[in-house]
Amino acid sequence: MANDARITTDPIPRFPAGFLWGVSTSAHQIEGAADQREPSVWDAFTAEPGRVKDGSTAAVACDHYHRYREDVALLAGLGVDAYRFSISWPRVNSPGGLDFYDRLVDELCAAGVRPVPTLFHWDLPVTLDWLERDTAARFAEYVTVVAERLGDRVKKWITLNEPAEHTLLGHALGAHAPGRQLLFDALPVAHHQLLAHGLAVRALRAAGAGDIGIANSHGPTWPASQEQADVEAADFYDLLLNRLFSDPLLLGQYPDGLGELMPSDDLESDLKVIAEPLDWYGVNYYAPTRVGAPQGTDIEFGGLTIPAELPFSVREIEGVPVTDFGWPVVPEGLTELLTGFRERYGDRLPPVVITENGCSYEGTDDQDRIAYLDGHLRALHRAVEAGVDVRGYFVWSLLDNFEWAEGYERRFGLVHVDYETLTRTPKASYGWLRDVLRAQR
């Protein structure tokens, strides 16, 4: 079922003064120029037959590395305040790699667009491994190098993108790089990423940086029914995909029963590092998840295989529109998520920024994407009205790009990319968002 939401003729409600409007991308998905950086785990993954659905790689992608000036001009034309991009750790490890980000940041500043880099967006150098604690220390060293080079112009930072997905998809289920199927033995990957985040916060502050956050993925978990088995399965799923990553950051503790599973000789000290105070908390929101008791067989869902041995099963959310990717469109889930976070964490929750929200639809006259963004902005405003301190919103994504294991079969961009010619064509949603931003000024 396509997105049958209707765009109201009423204007988007006004957000508070100083609200930050932006769009997001990531390095591996758009940069290309793979021959000018060290390989990442994603290069190794995509080189294995059958890992990516269309057999593609990100060797060229959108060629943003060579076309960044054109892309910054698109940002300026859109009228966003900020651009969330990611910095490739493998590129920084390569001779002259930081020079590219120097040029990009200069171009953004000249265009009046605030640079907001994410320091890790899944493209780990192939020589490193999140199963190893030392990777967290290596990350802090890399962060120091970047901050010392760019910190005179970059005033807002993101440490990690979606450690939950990188743990689950890359290390537990094997659907993403590095392609491991460790199930619960992947928990050290979660701990080491969280530790890396805390060490990165300290490294950034030591380099004189401020305004630091993280981009964590979150969504409400809905039980498939009120039967005890379904409710317990949904609670456990919520523990693994939401609270495992938010509780240590915001409360300085793991949810009950998980701390003893973490690989640490001094968990209390680790948690003090992980819980370094944040200036803001980033949320990537796409949809709720409906979860029930295990069904005794592997389940294909959203392009993933959910193994039968997991203590939950993911179910379809019925009666709602879906994107071309098959993801449910549930704007009210964003309101529910944010108000729930405020209730759970209280004054431990810093100001919130929506660091990703977007959808996959084909075509350049993308009215479904417009309806999706319209609905989610209204849902976000309802959270603001309910008292949640929301400071910004970033659309995923500026450009159609390499969509990880889906290859080039999914299009999330406000701008269409012809992958043969690399021609950029703004979609109808680009014009719609430009007009919304003008009205918000």
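Summary of computed values
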| read-out | value |
| --- | --- |
| Rounded Å value of the spacing that divides the Cα centres of the stretch 107-176 and the stretch 325-365 | 22 |
| Shape category assigned to the chain from the gyration tensor of Cα positions, a/c cut at 1.5 | rounded |
| For Arg114, distant residues with modelled amide H under 5 Å away | Ala82, Tyr83 |
| Stretchable slack from Arg434 to Phe301, in nm (0.36 nm times residue separation minus alpha-carbon distance) | 44.4 nm |
| Heavy-atom accessible area per residue - the stretch 213-289, 1.4 Å, Å² | 39 |
| Furthest towards positive pole of dipole, Ala293, Leu377, Gly219, structure part the chain, Cβ charges | Leu377 |
| Calculated FRET efficiency for the pair Arg69/Glu48, C-beta based, R₀ 35 Å, to 0.05 | 0.55 |
| Segments 325-332, 237-244 sorted - mean Cβ within 10 Å per residue, highest first | 237-244, 325-332 |
| Protection proxy ranking of 212-219, 395-402, 90-97 - average other beta-carbon atoms within 10 Å, highest first | 395-402, 212-219, 90-97 |
| Length-normalised contact order of the chain in % [C-alpha pairs under 8 Å, at least 6 apart] | 19 |
| Surface share of carbon and sulfur [accessible, 1.4 angstrom probe, percent] for the stretch 338-404 | 42 |
| Probe 1.4 Å, protein heavy atoms only - accessible area per residue of the stretch 20-172 in square angstrom | 32 |
| Relative contact order (%) - criterion: Cα under 8 Å, at least six apart; region: the stretch 134-194 | 25 |
| Estimated dipole of the chain in Debye, rounded to 20 [Cβ of Lys and Arg +1, of Asp and Glu -1, Cα centre] | 1520 |
| Amide H within-cut-off set for Ser360, under 5 Å, with H built and near neighbours excluded | Asp324, Phe325 |
| Accessible-area composition of the stretch 100-242, carbon plus sulfur, in percent [1.4 Å probe] | 50 |
| Å² of accessible area per residue within the stretch 311-422, as computed with a 1.4 Å probe and no ligands counted | 34 |
| The chain - share of DSSP beta bridges that are antiparallel (%, nearest 5) | 25 |
| Modelled FRET efficiency - R0 25 Å, Leu183 with Ser264, Cβ distances, 0.05 increments | 0.80 |
| Residues of the stretch 300-325 with amide N under 14 Å of the 7 Å Cα→Cβ point at Glu362 | 323-325 |
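The values are calculated or read from the model by the stated rules, or taken from the named source; none is laboratory data. Here the structure is a predicted model, which is why all the values come from computation and not from measurement. Glycine also receives a Cβ, built like all others from the backbone with ideal geometry; neighbour counts cover every protein chain displayed. Areas reflect the complete protein model, heavy atoms only, side chains present, ligands, DNA and RNA absent. Shrake-Rupley method; radii C 1.70, N 1.55, O 1.52, S 1.80 Å.
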